Amino acid sequence: MPMYACAQMAEAATTTTMPEGPMDPRVAKQLISDKLSLDGNPKLNMASFVTTFMDPEAEELMMDGLRKNFIDLDEYEQTADLHNACVAMIADLFNAPPTPKGVPHPGTGTIGSSEAIMLSVLAMKWKWRKERLARGLSIDKPNLVCGSNVQVCWHKACRYFDVECREADVSPDALVLTAERAKPLIDENTIGVSAILGSTFNGEFEDVHSIHDMVVALNEEKGWSVPVHVDAASGGFIAPFTDPDLLWDFRLPNVKSINVSGHKFGLVYAGIGWALWREPQDLPEELVFHVNYLGGDQASFTLNFSKGASTVIGQYYNLIRFGKSGYRDIMSVGMENAAYLRSQIEAMGIFDIVDKQHMPLVAFALKDASKYTVFDLQDRMKHEGWIIPAYTCSKGAEGLAIMRVVVKQNFSRELADLLVGHLKHSVKHWVERDCFVWAKAYLTAQLGSLSAIREGGEAPVFVVTSIASVEGQADLHVRKGRLITVFDLTVVLTWKGADGAGAPACGQVSIIDFMHDTDVDKDLEVVIAVDDKSQQVSASKQLKMHLLPKVKQVLAQFAERMIEENSKNLNTNPVEKKQPAQSDAKTAASSSFAFVTSAKQKHFEQQAARTAEISLQTHFACTASDIYDTLLNPARVKVWSFDNRVEIESIEVGKPYSLFGGSVKGVFCELVCDGGLCLRWTLIMSPNTVSVRQNYNDLALEFLAGQSKAEHRAHHNSGVRQRM
């Protein structure tokens, strides 16, 4: 039977209960293969440090190793020998002192650096506790000192093992822990200081040598014995080959333990890390368990027990396959390709490089994130198949948002060129052209020549005598290949004419907040001022009848003329070039509202006159937290609102916010992360506006998260309300 003619191909996939019966293995494989085909391409995953390429010979050996339970050392003695050989080779690579004859070097393979760090924290805590108890001192308040840039596994280890995590803040110009930042946090209860060789955020090597020397001096001064642990998850298989003279490892006597990820630059597939101690006495014997129920006495110091032997075999294969010179060549090529990629990204002129060239890695931030952010670029690059992470930095540098590209061994120069090409293409989706000078000249010319003649008459009834001012902003944007006009203008013109009785009159017309989404026939806000107040009503009526329609004709054509006269040399889709921006803006706006549940109705209970309500519903292919962050994160608000004047004092209930230079103000009424939010807002009218009533509007959004998307429900209620 043809594969896709099978009955299972026409049935819904089961995800919550086991099927009642079996299926053909080929069909099961095809179903799963089809589903997995929608995953990202590992080769284009620049976010992960984890290896995505190994020799076919290594893969064959690792497939055989999947059948072996590595913990059964007595049954699989040769596999155990490979493990011990890896520990010895890596310890030697890290310049560990030799152990007594016949004594294996203290260390163990782990699932990854997370488990290795857990074991290292346990060892530091137990050794600290043993020393404190021997001296009759309290063991109630152990702490560990690190930078805020540590990987989350450090937070897990401290929380799981009841250790206070003392984090030193970083800064935008120094995203790592320094000796000066660590020293004030160390005391007699410090079980250890963690230094990172290759920060997750920007690949920077912390100055392990200076941190080590500071701790040694402090120990000598205070009579303490605080050790240094080096988190070399990323850099442990790099520094020995790219900078062998760098002092960071066991050559420093107070470095008592090191972890390294074999599945990162150890070049093994995911699932292998290593924890090593300087000398046997640095690993408390109490933490090593001995079992004999698998046959023979076996020592075990791991958090897990059973696991396949494949990654250990893969690590041993790489160590003997490449040797030191092979690893050196691979790391050198990686550094060269990273340097090339770094130079190409820097040459674009819109990025600041924030990595320190310590690793095959490029980290960069936008020089100007007012129009689009690295998060927007991350989304655009996904359309090209690239997975490039964008994130804010750790405590002390939260305002710095960066992107990072990890240059792994299978990242070639050709891929670097492709990545840069796609990055340049993505940036073009946010091209902007300042058109204010043109807008001012255009409106001055078009409005300044207007006049209106009474029907059947010859002499003008009204004449625009001058354009007193044109203020605001006018920009032409390219978004996804389409031209979008974004403007917010206030125009003041002077006029002369006659009132209803034919008496001469003069004054001003102020066109307030003429914007890209203004419907000139319905929403245009116009304030008419007559010099002789006694003529205000009569002259205003005549002006509205004769001159204002001509003004509206000019304004109605403004967006189209703005595109026609300012779109040269912009990367656009010519088919959609003349689409009016107003329709795009209104469509986007309309898709943002839905209905709200009764629980949110408490924000709509005030009495109101002339109210209007909008209820719509939409679905987004993102998480509820993504929507919440997009709506409230000031950096993102500036992008989607095209407004650099966003003011959000604090994202808290009752706190005010302001948009568009104060033209829109409001307060947060309810905030539930991943759940929804309620806002009250108002459009601040011009001081010249005759009406003193103020429209206050309530907007409630509820997010209902699904497995792969979020449902967005909203309720918008507006009317004339009391002042907030």
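The values are calculated or read from the model by the stated rules, or taken from the named source; none is laboratory data. Owing to the predicted nature of the structure, the values given are computational and were not obtained by experimental measurement. All Cβ positions, even for glycine, are placed from backbone atoms using ideal geometry, and neighbour counts span all protein chains on display. What goes into the accessible areas is simple: the full protein's heavy atoms, side chains included, and nothing from ligands, DNA or RNA. Shrake-Rupley method; radii C 1.70, N 1.55, O 1.52, S 1.80 Å.
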Among the residues of segment 637-654, what is the count of those that are open to solvent by less than 50 Å² (accessible area, probe 1.4 Å) and in contact with a helix residue (DSSP H, G or I) (Cβ under 8 Å, 6 or more places away or on another chain)?
6
Those residues that are open to solvent by 20 Å² or more (accessible area, probe 1.4 Å) and either out of contact with any Phe, Trp or Tyr (no Cβ under 9 Å at 6 or more places or on another chain) or not in a loop (DSSP other than H, G, I, E, B) (or both), I need them from segment 220-240; list them, please.
Glu220, Glu221, Lys222, Gly223, Trp224, Pro240
When the residues of segment 536-555 are narrowed to those that are of a type in the set (S, T, N, Q) and without any contact (Cβ under 8 Å) to a residue 40 or more places away in the chain, which ends up least open to solvent (accessible area, probe 1.4 Å)?
Ser540
Would you pick out the residues in segment 22-52 that are surrounded by 12 or more Cβ atoms within 10 Å (Cβ to Cβ) and closer than 27 Å to Ala390 by Cβ?
Gly40, Pro42, Lys43, Leu44, Asn45, Met46, Ala47, Ser48, Phe49, Val50, Thr51, Thr52
Just to verify a result, which residue in segment 503-535, among those that are open to solvent by 50 Å² or more (accessible area, probe 1.4 Å) and over 30 Å from Trp640 (Cα atoms), is farthest from the chain's Cα centre (by Cα)?
Pro504
Restricting the first residue to segment 177-200 and requiring it to be surrounded by fewer than 24 Cβ atoms within 10 Å (Cβ to Cβ), which pairs with a second residue that is among the acidic types (Asp, Glu) meet a Cβ separation below 9 Å and a spacing of at least six or different chains?
Thr178/Glu206; Thr178/Asp207; Ala179/Asp207; Ala179/Asp213; Arg181/Asp169; Leu185/Glu167; Asn189/Asp140; Asn189/Glu164
Going by the conditions given, is Thr587 in a helix (DSSP H, G or I), of a type in the set (Ser, Thr, Tyr) and at pLDDT below 90?
yes
Breaking point among (1) open to solvent by 10 Å² or more (accessible area, probe 1.4 Å); (2) under 15 Å from Val255 (Cβ atoms); (3) assigned to a loop (DSSP other than H, G, I, E, B); (4) of a type outside the set (S, T, N, Q), for His209
(3)
Residues that are at pLDDT 95 or above, charged (D, E, K, R) and assigned to a helix (DSSP H, G or I): does segment 183-202 have at least one?
yes
State whether the residues of segment 435-458 include one that is open to solvent by 20 Å² or more (accessible area, probe 1.4 Å), modelled with pLDDT under 95, part of a helix (DSSP H, G or I) and more than 30 Å from Lys496 (Cα to Cα).
no
Please go through segment 241-258 and give me each residue that is in a strand (DSSP E or B) and of a type in the set (D, E, K, R), ordered by number.
Lys256
Could you grab me the full set of residues in segment 633-662 that are in a helix (DSSP H, G or I), hydrophobic (A, V, I, L, M, F, W, C) and over 22 Å from the mean Cα position of the chain (by Cα)?
Phe660
Verdict on Ala13 being in contact (Cβ under 8 Å) with a residue 12 or more places away in the chain and either out of contact with any strand residue (DSSP E or B) (no Cβ under 9 Å at 6 or more places or on another chain) or among the hydroxyl-bearing types (Ser, Thr, Tyr) (or both):
yes
In segment 132-154, what count of residues is obtained for those that are open to solvent by 70 Å² or more (accessible area, probe 1.4 Å) and in a helix (DSSP H, G or I)?
3
In segment 514-531, anything among the charged types (D, E, K, R) and part of a loop (DSSP other than H, G, I, E, B) is listed as Asp517, Asp519, Asp521, Lys522, Asp523, Asp531
Flagged in segment 301-316 as within 16 Å of Tyr76 (Cβ to Cβ) and either surrounded by 22 or more Cβ atoms within 10 Å (Cβ to Cβ) or over 35 Å from the mean Cα position of the chain (by Cα) (or both), in numbering order, are Phe305, Ser306, Ala309, Ser310, Thr311, Val312, Ile313, Gly314, Gln315, Tyr316
Pick out the one residue from Thr490, Thr485 that is modelled with pLDDT of 85 or more, under 39 Å from the mean Cα position of the chain (by Cα), closer than 30 Å to Ala700 by Cα and in a strand (DSSP E or B).
Thr485
Filter segment 370-379 down to the residues that are open to solvent by less than 70 Å² (accessible area, probe 1.4 Å) and within 13 Å of the chain's Cα centre (by Cα) and list them by number.
Tyr372, Thr373, Val374, Phe375, Asp376, Leu377, Gln378
Which listed residue is open to solvent by 40 Å² or more (accessible area, probe 1.4 Å), under 20 Å from Val288 (Cβ atoms) and among the aliphatic types (A, V, I, L, M), from Ala116, Ala123, Ala96, Ala88
Ala88
Return only the number of the condition from (1) open to solvent by 20 Å² or more (accessible area, probe 1.4 Å); (2) within 26 Å of Val491 (Cα to Cα); (3) assigned to a strand (DSSP E or B); (4) of a type in the set (Phe, Trp, Tyr) that Tyr391 does not satisfy.
(2)
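Residue-wise test of (1) within 38 Å of the chain's Cα centre (by Cα); (2) open to solvent by 10 Å² or more (accessible area, probe 1.4 Å).
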| residue | (1), (2) |
| --- | --- |
| Ala217 | no, yes |
| Val260 | yes, no |
| His263 | yes, yes |
| Leu283 | no, yes |
Any residue at all in segment 75-85 that's assigned to a loop (DSSP other than H, G, I, E, B), open to solvent by 80 Å² or more (accessible area, probe 1.4 Å) and modelled with pLDDT under 90?
yes
Of (1) open to solvent by 10 Å² or more (accessible area, probe 1.4 Å); (2) within 28 Å of Ala239 (Cβ to Cβ); (3) aliphatic (A, V, I, L, M); (4) within 33 Å of the chain's Cα centre (by Cα), Leu319 satisfies every one except (4)
Taking the criterion of being out of contact with any Ser or Thr (no Cβ under 9 Å at 6 or more places or on another chain), farther than 22 Å from Gly472 by Cα and at pLDDT 90 or above, would at least one residue in segment 508-531 satisfy it?
yes
Quick one: is Met18 part of a loop (DSSP other than H, G, I, E, B), farther than 27 Å from Ser310 by Cα and not acidic (Asp, Glu)?
yes
Which condition number in (1) of a type outside the set (S, T, N, Q); (2) modelled with pLDDT under 70; (3) in a strand (DSSP E or B) is the one that Val596 fails?
(3)
Among Gly326, Gly399, Gly334, Gly385, which is outside any strand (DSSP E or B), open to solvent by 20 Å² or more (accessible area, probe 1.4 Å) and out of contact with any strand residue (DSSP E or B) (no Cβ under 8 Å at 6 or more places or on another chain)?
Gly385
